[in-house]
1. Could you list V70, V50 in order of exposure, starting from the residue whose Cβ has the fewest other Cβ atoms within 10 Å?
2. To the nearest 20 debye, what is the magnitude of the charge dipole of the chain about its Cα centre, counting +1 on the Cβ of each Lys and Arg and -1 on the Cβ of each Asp and Glu?
3. Viscosity 1.002 mPa s, temperature 20 °C: what is the translational diffusion coefficient of the chain from Stokes-Einstein with a Kirkwood Rh over Cα pairs, rounded to a whole number of µm²/s?
4. If you stretched the chain out fully between A49 and R66, how much longer would it get, using 0.36 nm times the residue separation minus the C-alpha to C-alpha distance?
5. Counting only helical runs of four or more DSSP H residues, what would the 222 nm mean residue ellipticity of the chain come to if each run contributes -39,500 (n - 2.57) and the total is spread over all its residues?
6. On a 0 to 90 degree scale, rounded to 10, what angle separates helix 7-26 from the longest Cα axis of the chain?
7. Given the options A44, I87, L14, identify the residue whose Cα lies farthest towards the positive end of the charge dipole of the chain (+1 on Cβ of Lys, Arg; -1 on Cβ of Asp, Glu).
8. For the ranges 7-15, 98-106, what's the packing order if you count other beta-carbon atoms within 10 Å of each residue, average per peptide, and put the highest first?
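What follows draws every value from the coordinates through simple rules; no lab data is involved. The shown structure was predicted, so the numbers you read here are calculated from the model rather than taken from an experiment. We place every Cβ from the backbone using ideal geometry, glycine too, and count neighbours over all the protein chains shown.
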Amino acid sequence: MTILTDPDDRTLLLDHDRRFFDALVAADVARLDDLLADDFIMVAIDNGAVATRADLLGLMSSGTLRFPAVRSFPDEAVVRRVGDVGIVVGRTSMNFTNADGTAFTAGSRYTHVFAADSIAGWRLVSAQGTEIKPGS
């Protein structure tokens with residue numbers, strides 16, 4: 001297995017990562033629709049719940065799930081490419097509102113897995129966040 005660390009791959013994957021976070025904050029469902037793979041899965045930071053692409057798009061389009069702020073730290077990210085798969089391990093600080101109306105603020109470490117798509121470029125296949133507890 002060859003792991004490529006081409007600077008262009010890093011730039012492209014971090015750009016895709018940023019566009020994903022920007023779309024969450026803007027509640028831009030059309031942009032999310034373009035960025036996410038058809039079989040996208042997300043694991044929630046706060047409770048480990050699993051959401052599909054349809055779940056996320058539905059919650060975002062209804063306004064039930066909102067991300068008022070997401071700050072990422074791309075200079076700290078570890079970016080790797082293995083064949084047609086790109087992996088970004090990064091850190092965020094975010095605010096979001098759950099479907100039940102509760103607000104949540106968290107620092108997290110996350111792993112985003114992208115797949116190369118000849119038509120759409122990189123598409124996000126999987127996202128998982130782990131809350132960073134204060135003092136960790």
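1. Fewest-to-most ranking of V70, V50: V50, V70.
2. Rounded to the nearest 20 debye, it is 360 debye.
3. Roughly 141 µm²/s, to the nearest whole number.
4. 4.5 nm
5. Here the helix-only value at 222 nm equals -8500 deg cm²/dmol.
6. Between helix and principal axis, roughly 20 degrees.
7. So the residue furthest toward the plus end is A44.
8. 7-15, 98-106
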